[in-house]
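The values are calculated or read from the model by the stated rules, or taken from the named source; none is laboratory data. A quick note: this is a predicted structure, and the numbers were derived from the prediction, not measured. Note that each Cβ is placed from the backbone with ideal geometry, even for glycine, and that neighbours are counted across all protein chains shown.
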Amino acid sequence: MAKFRLLHQLLLEQGVIQEAWVHRPVSIARNDLEQIHPRTYHEAFSRDQLTPAEQRRIGLPATRPLIRRTWLAVGGTLLTARLALRHGVACHLAGGTHHAHPTFGSGFCIFNDCAVAARVLLNEGKVRRILLIDLDVHQGDGTAACFRDDPRVTTLSVHAASNFPLRKVEGDIDIPLDDGTGDDDYLTAIADRLPNTLDQQKPDLVLFNAGVDPHRDDRLGRLSLSDTGLMLRDRLVLDACLRRRVPIASVIGGGYDALTPLVQRHAIVVRAAAEQARLFDLP
């Protein structure tokens, strides 16, 4: 969990952000969380009452710091989405737990932060349609399951076809890629689908999972993006949204490497967002 603190510190040291720009979230309200996750599930997790099999499926022990971080991260994603609606773009220095299903966690994911944020904003009437762009190397099976019967949300996932999860949950737009796919083919796959999707769906908000595990050095990824490829990817997504005046909120998603290179990769989307905010003269 040290990466969250180190990411904040790195962005300040590099001058990408200023402390005055940083908003500190509070834990997600129980009523908001329950728009996706039933009380029986979230109480079992928070009270360390999941079965051994359920804990193994998540892959993390229910320690007190993890429980606090889990509730806080979901609150952070909802806050980030609200800030994006206000300012045009906002970045969360955590989030992206897209393997969490409504009634169980999986793959290091306990609560599905983007799903909760989307459902809360939709039910509040703040937005009518949301596009969820998931560029983590793993397919967002939990997110697809959360919105299987909700036409207000469109999911677009670009992922390694042979990677976790073994059983994918069909989303609205799934783009599976072969192992070893590099920068050019990866960017082409996104550029071929994203503009038309934005034009057809006309979302009021985009939630962007900018996972860095497609990187060629990631321990759990099977794609071959470079640092430059990740930057170009994030610029492409941000530009496509902001050019159409669609607010966009990003979360950091997955990444599995030594802390120093991992934190540097997670900083890429924030740098790209800061650049695009200046280009589009956003507050």
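For region 140-195, give me each residue that is part of a strand (DSSP E or B), farther than 23 Å from residue 226 by Cα and touching a Gly at 6+ places or on another chain (Cβ under 6 Å).
155 - this is the single residue of region 140-195 that is part of a strand (DSSP E or B), farther than 23 Å from residue 226 by Cα and touching a Gly at 6+ places or on another chain (Cβ under 6 Å).
Scan region 261-283 for residues that are free of Cβ contacts under 8 Å to residues at least 60 places away in the same chain and either part of a helix (DSSP H, G or I) or β-branched (Val, Ile, Thr) (or both) and jot them down.
261, 265, 268, 272, 275, 278, 279
I'd like to verify a number: residues in region 162-191 that are modelled with pLDDT under 95 and within 20 Å of residue 232 (Cβ to Cβ), how many?
The total comes to 0.
What's the number of the condition residue 101 fails, among (1) crowded, with 23+ Cβ neighbours inside 10 Å; (2) in a loop (DSSP other than H, G, I, E, B); (3) not polar (S, T, N, Q)?
It is condition (1) that residue 101 fails.
Just one of (1) at pLDDT 95 or above; (2) surrounded by fewer than 20 Cβ atoms within 10 Å (Cβ to Cβ); (3) closer than 26 Å to residue 88 by Cβ; (4) charged (D, E, K, R) trips up residue 265, so point out which.
(2)
Any chance region 121-135 includes a residue that's assigned to a loop (DSSP other than H, G, I, E, B), in contact with a Phe, Trp or Tyr (Cβ under 8 Å, 6 or more places away or on another chain) and under 26 Å from residue 181 (Cβ atoms)?
Checked region 121-135: at least one residue is assigned to a loop (DSSP other than H, G, I, E, B), in contact with a Phe, Trp or Tyr (Cβ under 8 Å, 6 or more places away or on another chain) and under 26 Å from residue 181 (Cβ atoms).
Could you tell me which residue of region 205-243 is surrounded by the most Cβ atoms within 10 Å (Cβ to Cβ), considering only residues that are part of a strand (DSSP E or B) and over 14 Å from the mean Cα position of the chain (by Cα)?
225
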